[in-house]
Structure formats: C-alpha cells, structure tokens
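To keep things clear, I will list the structure first and then write my remarks on it.
Only the coordinates and a few stated rules stand behind these numbers; no lab work does. Every value quoted in this text rests on a predicted model; they were computed, and no experiment measured them. With ideal geometry, Cβ positions are generated from the backbone for all residues, glycine too; neighbour counts draw on all protein chains shown.
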Amino acid sequence: MTESQNKQVYRRFVEEVINRGNIDVIPELYHPDYVDHTAPPGAPHEGSVYDQIAQIPKMFRGAFPDVHFVIEDMIEEGDWVATRVTGYAQHLGRPFMGVDPAGQHVVWSSEGFFRIQDGKIIEHYGQPDLPGLREQIATTPEPGSLDENRAVVTRYVYEVNMQNYDAFDEFVDPDFIDHNPIPGQQPGIPGLKDAYRQFSNAMPDVWFTFEDLIAEGDLVFGRGVIEGTHKGDFMGIPATNKTMHWTGTRLFRVKNGKVTEGWINFDLLGLMQQMGVIPSPPAPPPPDTPPPHLMGAPSTIEANHKLMEDFVEQLWNQGKLEWAEQYFHPEASSPNAPGLPPGATGTNFIVQMMRSAFPDFHMEITHMAASEDRVAARFVETGTHNGEFFGIAPTGKHVEFTEIGILRIADGKIVESWYDVDMLGLMGQLGVGG
Amino acid sequence: MNENYQMTPEERNLGQRVHNEWLGKGNVGVAYELFAPDCEIHSGHIPPPMAHGVEAFKGFPFFWLGAFPDMQIMDDSTVIEGDRIGIRWHLNGTNSGPFLGMPPTGKSVNMEGIHIFRVSDGKVQELWMEHDLLAVLQQLGVVPS
C-alpha cells in the first residue's frame, strides 16, 4: 500500500529534517502560516517562520548530534495526522534541559498531531516524553563501567569546547600521553593545556561535536565534526577569517575515570584546502537523493571484530574485491565522501586506487573497539609509491601513515562507514603539500 | 497498523469513553468493558508493574483524581484510521489532594496530552500515553519554569 501524500510529508520531516538535520527542506514541508501550539520553552520568536522552525532541530541536534527518530505509527483522518515515534540518540553535544553532556544512549517516545494543508504542515501539537529523556541523561554512570568511560571522554571534549582547561585535572591523568602532539608540546596536562590554547588562539570559536562514540574495554573511539573561524595564526598560516568545517576521529584510553592516552586523526588536508593554501581537486557532486538510513538486526561484538579484521586482511591487504561485494550492503554510504558511489563499488574504487599507487600496500590494526552495531579501529598503513597517486607520478618512496575507520553494521552487512586518513602526512612524505 | 480494519460505531467511541467514564470519572468497573483483559499501556508515566492487563491498571485514574478531584478531561481533536484512534486532549483541575507524595497546593493546573489506541474485537488492546507532566510540575511550583 502506498503512503498517502500527507503521511509522506510527515515522513520527509522526520527523515530529512530530524534524522539528517537538513533544514533547507523546511520551506518545502512547512506552510508559511505554520503555528506550533507546543513550542518548547525558550523557543525563539524572532526571524521568519522558517527560521523559527529550524531552531528546534538545530537545538535538538546540537545536544543529540546522532538523533534518529523511528516512526512507529501514523493515523490519518481529514487533514490531521497523529504520530508516534521512538527517538534514539547519544547525548554528545551541548547541554540539554540543564544537564551537561555525558555520552548516554537515550531512547524516548513522542506523540504528535500535525495538520497538513496543500501538502505542507500548517499546525502542530507535540507531546515528547521530556521528563523521561531528562532522567536518562541525568543518570550517573557506575564507576568502572563503559558508560563512565563514555562520560569521561564526552566531558573532556565538552570542557575543551568551553575552553575550561582548568577542569582537566579532574579527568585527565597526570601522566597523560598525547600520541599526536603539536611540535614542541610538553608532556602531561600542562602540555595538553598549552596545545589547546594555541589552537583556540587560531580559532577562538572552535567546537568539536562528537557524532558517535564506541566504547569497549578501556578504549573509546569518538567520531566528530569540527567547526571554527580562522582568526589567528595556524601552523604558520595567517588568519583568513573563514569558517572551516572538517572531520576528526579520536581515540582515548580511559582508566579509573581519567583519560590516560589520546590519539586523533583529522582531515588536516581538507582544512588546509579550505584555508586556500593547498588547491582543492574537484570532488564529484553528492547524489540528488540522500542515501537511505539502513536499519537492521545488530550483530555481536565478536562478530564485528572478525568483520573488521577480514575487512583489513581480505579486502585491503589481499585486494579481494569480492569481499566487499559480499559484506557491503548495495546502498551502503560513506557520509564523509558523499560523491562516492554506494555499496562495494565506491569502496572498491578506493581500494584499487590505493593498491595500484602502493602495490605492496599493507595495513595493521593497532586498536579496535566494537559495540553490537559498530566497530571502530585505528590503523597504521605502509606502502611503496610505485604507481600514480592523485596525479603524482611514482616516487618510489616508502610511506607510513595512520587512519581511524568506523563501520556500522545491520543484518550482518556494512551499511555505513567513516574514515579519517592522515592524508596530509601521506602527501608530505611524497614531497607535496607538507 | 491494520489499515483495512473496519471499526464499528461502538469501537469508534472507545477512546472518548476511556476519557469520560474511566479517566475522568474513575469508574473502575467500566474498565473491564473498555479494555481487553491483557491490554498493554505503553507510557513512561506508568510504573511497569501497572502497565500490563486491565486488572493491574484499572485504578490508574485515581493517580490523577486523587490529586485533582474536580478534574475535567476534554477531547480536542480525534483522528481514526484502520484499527487506531488518536486523541489530543487536555485536562483542568485543582490540586486539592496529594500528588506524587506532595501535599496539596490548591493551585489549578492545565495539562495537554495525546493518547493513541489500538482497537479490535470491541475493546482497546493497546494504549500509548504521552502527556506534559513537566508542565504540571511547573504549574504546581515544584520545578522552575
């Protein structure tokens, strides 16, 4: 049975505005005379009706960057649609209802009444279970639990964002090891504080948003996006006053409520390109329709470890492209490379590109953590540059660089993947860009 | 949802009767008439042991009526499709009895909510409840607004 037009309008609101944060489609989905009868406290009253509508998903996604609504029920009669959804998220962003972020997984329900006129939402009443949501984010994790490790890492990034470096003593081990120090960084907490101060001098409004955390044992991987305005000297590059957006993935070791070691891979190459010091090659345009958010049964932590190990060994080290055909869902996407073809095609394109440029290409897993539907790993990759790479003729140089990758798994297949490769380090070793 | 379900006129009235006769008046006996014996209530506002089966939840109206004895529950909008009834409602009442262990304040409150019912065989089989408990706590002055 095909869904009615009014239900499709509501579904687009959930899938595009809430789940993807695409506020540009709001004018397509909302009537200019829209009235929200249950706007949350503190909702803005300035700006156009569309600006006001956009504030709510922005506020929500600011606190819960990976928020995902599943539509449980839609009941339609006349021009009204009554709805029931379940929300899934991690509290990784900004404070919500007065509670600081601590990385909790939350699940809550919400019901609504939407009136739709001429294919656009014109009236809304909402009943989200905010007390239930608040109770979950305000829960103190058990000492020594994975939840505590998630909370420590979330707090670390939040205090860095707030530039409250004096709080470090509460959750950073005095012998903290930064595996990716800036040049000349002193050891321990004083060196760490100094490194962040230098960074915030270059970008005073810099903000790191975790979109996902994966914790296992004493490791916590965190995938995020970073935004900041280039107002001061950065790695010798004078201020451009441009607002930059780039990705970064972090790995921490947490012991006894404190971070003891940290690694980061971030898209320094993309950052340099946005600053205009390295030319940007033309990127393929993203598809017109966004990839589907594929859901499915979770797997086991052990099975996900095995999947990551096979991904590295079978696909990358041995170049068995049929492995990707078998284990990537045909519509799998890589959100950080939206122009890449979906499924095994896109992944195998990158595998072939790397393996032809570096015929002895080899990658090793140094760290790995999994949950039931995610597996994250940090890699060290080596190879000899005996083939053309991004237009660079073979140099015969031996390279070694790092990467952090995350796979999301549903029904035993990889449905989404994210990679942060030290591309600038790699280019530097080939004698370009660095 | 079962889109092909054809509700009888009596079934179409079940949501309204749940509000008027059961929740609004506290008629415990009528619960057996309105709900299937193993009806499930899905709500963060009901303790899990009370949520399964009419025998367990039939006294739930007194959670509200005990605190707000003069309470009026009014349906604002109803949508029916297939085997589902959705009702948007509000209630008004004066806090003249204890509520959540707190002594009465004498304050009047207004709360909005949405209920979704699944109906078959002449009874409510499932009920999903959401209401703005936070607003009530704010109006009673328990939680700052």
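Observations, loosely collected:
- Charging the Cβ of each Asp and Glu at -1 and of each Lys and Arg at +1, and nothing else, the dipole of region B:9-139 about its Cα centre rounds to 360 debye.
- Principal-axis tilt of helix A:49-63 within chain A, Cα atoms, nearest 10 degrees: 50 degrees
- Each Lys and Arg contributes +1 and each Asp and Glu -1, all at the Cβ; summed about the Cα centre of region A:301-429, the dipole is approximately 220 debye.
- The HN-Hα couplings worked out from phi for region B:3-20 by the Karplus form 6.51 cos²θ - 1.76 cosθ + 1.60 (θ = phi - 60°) are 5, 8, 5, 9, 6, 7, x, 5, 5, 4, 8, 4, x, 4, 5, 4, 5, 6 Hz, whole numbers, x standing for Gly and Pro.
- Structure remark: mean-square fluctuation, Gaussian network model of chain A, C-alpha springs under 10 Å; the largest value among A:396, A:248, A:262 belongs to A:396.
- Given charges at Cβ of Lys, Arg, Asp, Glu: region A:270-343 dipole, positive-most of A:336, A:292, A:277: A:277
- Antiparallel beta bridges, as assigned by DSSP with both residues in region B:9-139, represent about 90 percent of the total such bridges.
- Globularity index of region A:146-275, i.e. its alpha-carbon radius of gyration over 2.2 N^0.38 Å: 1.02
- Other-chain or far-sequence residues with amide H under 5 Å of residue A:410's (modelled H): A:415
- All-pairs Cα distance distribution in the protein assembly as shown, expressed in whole percent, bin size 10 Å: 3, 14, 23, 23, 18, 11, 6, 2, 0
- Cα convex hull volume per residue for region A:204-298 (Å³): 152 Å³
- Above-threshold pairs, the threshold being 30 Å between Cα atoms, out of A:320/A:397; B:25/B:107; B:25/B:123; A:120/B:107: A:120/B:107
- Using the Karplus relation 6.51 cos²θ - 1.76 cosθ + 1.60 with θ = phi - 60°, the per-residue 3J(HN,Hα) values for region B:58-74 come to 4, x, 3, x, 6, 4, 8, 5, x, 8, 10, x, 8, 5, 10, 10, 10 Hz, with x marking Gly and Pro.
- Its Cα gyration tensor gives region B:1-67 an equivalent ellipsoid. The semi-axes, each the square root of 5 times an eigenvalue, are 22, 15, 11 Å from largest down.
- Assuming charge only on the beta carbon of Lys and Arg (+1) and of Asp and Glu (-1), the dipole of the protein assembly as shown about its Cα centre is about 820 debye to the nearest 20.
- Loop-exposed trypsin sites (Lys or Arg not before Pro) per DSSP, neighbour cap 16 Cβ within 10 angstrom, longest uninterrupted part of chain B: B:26-106
- Reachable lysines from residue A:413, criterion Cα separation under 16 angstrom, eight or more residues apart if same chain: A:306
- Alpha-carbon centroid distance for the pair region A:278-295 / region A:186-227, whole angstrom: 26 Å
- For chymotrypsin sites (Phe, Trp or Tyr not before Pro), the sites in region A:343-420 that DSSP calls loop and that have at most 13 other Cβ atoms within 10 Å are A:390.
- One decimal place: the segment residue A:356-residue A:186 gains 57.2 nm when fully extended, by the rule 0.36 nm per residue minus the C-alpha distance.
- Equivalent ellipsoid semi-axes - Cα gyration tensor, chain B, angstrom: 28, 16, 13
- A straight Cα-to-Cα reach below 26 Å connects residue A:231 with the lysines A:58, A:193, A:242, residues fewer than 8 places away in its own chain not being considered.
- The distance between label points at residue A:277 and residue A:366 comes to 2.3 nm (points 7 Å beyond Cα on the Cα→Cβ vector).
- Residue-by-residue Karplus 3J(HN,Hα) for region A:159-172, coefficients 6.51, -1.76, 1.60, Hz, glycine and proline x: 5, 4, 4, 7, 6, 9, 5, 5, 6, 3, 4, 7, 9, 10
- Cα gyration tensor shape of region A:319-380, rounded if a/c is under 1.5, else prolate or oblate by comparing a/b with b/c: oblate
- For region A:5-137, convex hull of alpha carbons as volume per residue, Å³: 95 Å³
- Under the shape rule built on the C-alpha gyration tensor, where the axes satisfy a ≥ b ≥ c, region A:189-238 is oblate, since a/c reaches at least 1.5 while a/b does not exceed b/c.
- Cα gyration tensor shape of region A:251-327, rounded if a/c is under 1.5, else prolate or oblate by comparing a/b with b/c: oblate
- Distance from the Cα centroid of region B:48-84 to that of region A:386-434 is 58 Å (rounded to whole angstrom).
- For residue A:123, distant residues with modelled amide H under 5 Å away: A:35, A:115
- Residues whose amide H lies under 5 Å from that of residue A:255, counting only those 5 or more places away or on a different chain, are A:260; hydrogens are built 1.01 Å from N in the peptide plane.
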